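Student: Sending over a structure as structure tokens; questions will come in a sec.
The values are calculated or read from the model by the stated rules, or taken from the named source; none is laboratory data. Everything quoted here is computed from the prediction, not taken from an experiment. Backbone-built Cβ (ideal geometry, glycine too); neighbour counts: all protein chains shown.
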Amino acid sequence: MLVRLLYVSQPVGPVTTTMTTLILEKSDANNKQQDITGVLCQGSGLWMQVLEGERSKVNLLYSKIMADRNHHNVQLLSMEEISQRQFGQWSMTLVYLSKDDPLVQMAHPEFDPYTASSKDAFFILDELIKTGSPILNTPS
Ligand SMILES: Cc1cc2nc3c(=O)[nH]c(=O)nc-3n(C[C@H](O)[C@H](O)[C@H](O)COP(=O)(O)O)c2cc1C
């Protein structure tokens, strides 16, 4: 059974390029092996990530991610059964989330993933992917 999970968290301390690179490298290797796909949004003191794959595998990865000391306030926004992947082309890709981004501003001036509906969060993710250029496209 395929699921799509969305969570938000706050990095502990500044997010360095090295940290982001390490997360993406680890994700690329592990996620390919586990047939997990998704997108990681970073910016404005937040991480927001979508994970898609087999339910048991997504659960296992999410519990590892929750225990990661690089972030805190990890909150599950959505976990749904899906018939097909939306982010299937990436083992993990990075897009920058900036609340100052005019597009984000226009669409949802008060956007805060901690209080937004998951529908709004997915909408913004989608916009970011379509309009921004996802960094590090790693075909799964
Ligand atoms: C915001 C964030 C996103 C992450 N995303 C992933 C991911 O998609 N896949 C992954 O394997 N690890 C991810 N990690 C790293 C995991 O928390 C964990 O360190 C890693 O899975 C451990 O892998 P290992 O068991 O191979 O050492 C992420 C960490 C953070 C802080």
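Student: May I ask you to list pairs of residues, at least six apart or on different chains, whose Cβ atoms are under 8 Å apart, with the first in segment 86-115 being aliphatic (A, V, I, L, M) and the second being at pLDDT below 65 and assigned to a strand (DSSP E or B)?
Tutor: Close Cβ pairs (under 8 Å, with a partner that is at pLDDT below 65 and assigned to a strand (DSSP E or B)) amount to LEU94/ILE135; VAL95/ILE135.
Student: Of MET48, MET79, which residue is part of a strand (DSSP E or B), surrounded by 15 or more Cβ atoms within 10 Å (Cβ to Cβ), on the phi < 0 side of the Ramachandran plot and more than 10 Å from the ligand (Cβ to nearest atom)?
Tutor: MET79
Student: Let me ask another. Do we have any residue at all in segment 4-13 that's surrounded by fewer than 20 Cβ atoms within 10 Å (Cβ to Cβ), assigned to a loop (DSSP other than H, G, I, E, B) and near the ligand (Cβ under 10 Å from one of its atoms)?
Tutor: Checking segment 4-13: at least one residue is surrounded by fewer than 20 Cβ atoms within 10 Å (Cβ to Cβ), assigned to a loop (DSSP other than H, G, I, E, B) and near the ligand (Cβ under 10 Å from one of its atoms).
Student: Got at least one residue in segment 21-36 being touching a Phe, Trp or Tyr at 6+ places or on another chain (Cβ under 8 Å) and either more than 8 Å from the ligand (Cβ to nearest atom) or hydrophobic (A, V, I, L, M, F, W, C) (or both)?
Tutor: Within segment 21-36 (the criterion being touching a Phe, Trp or Tyr at 6+ places or on another chain (Cβ under 8 Å) and either more than 8 Å from the ligand (Cβ to nearest atom) or hydrophobic (A, V, I, L, M, F, W, C) (or both)), the answer is no, since none of the residues qualifies.
Student: Go through (1) farther than 15 Å from ARG4 by Cβ; (2) out of contact with any His (no Cβ under 8 Å at 6 or more places or on another chain); (3) not polar (S, T, N, Q) one by one and return the number of the condition ASP35 breaks.
Tutor: That leaves (1) as the condition not met.
Student: Give segment 14-45 a look and list any residue that's among the small types (Gly, Ala, Ser), at positive phi, surrounded by 14 or more Cβ atoms within 10 Å (Cβ to Cβ) and touching a strand residue (DSSP E or B) at 6+ places or on another chain (Cβ under 8 Å), or say none.
Tutor: Result: GLY38, GLY43.
Student: Scan segment 51-71 residue by residue and report those that are touching a residue at least 12 places away in the same chain (Cβ under 8 Å) and near the ligand (Cβ under 7 Å from one of its atoms).
Tutor: LEU51, LEU61, ILE65, ASN70, HIS71
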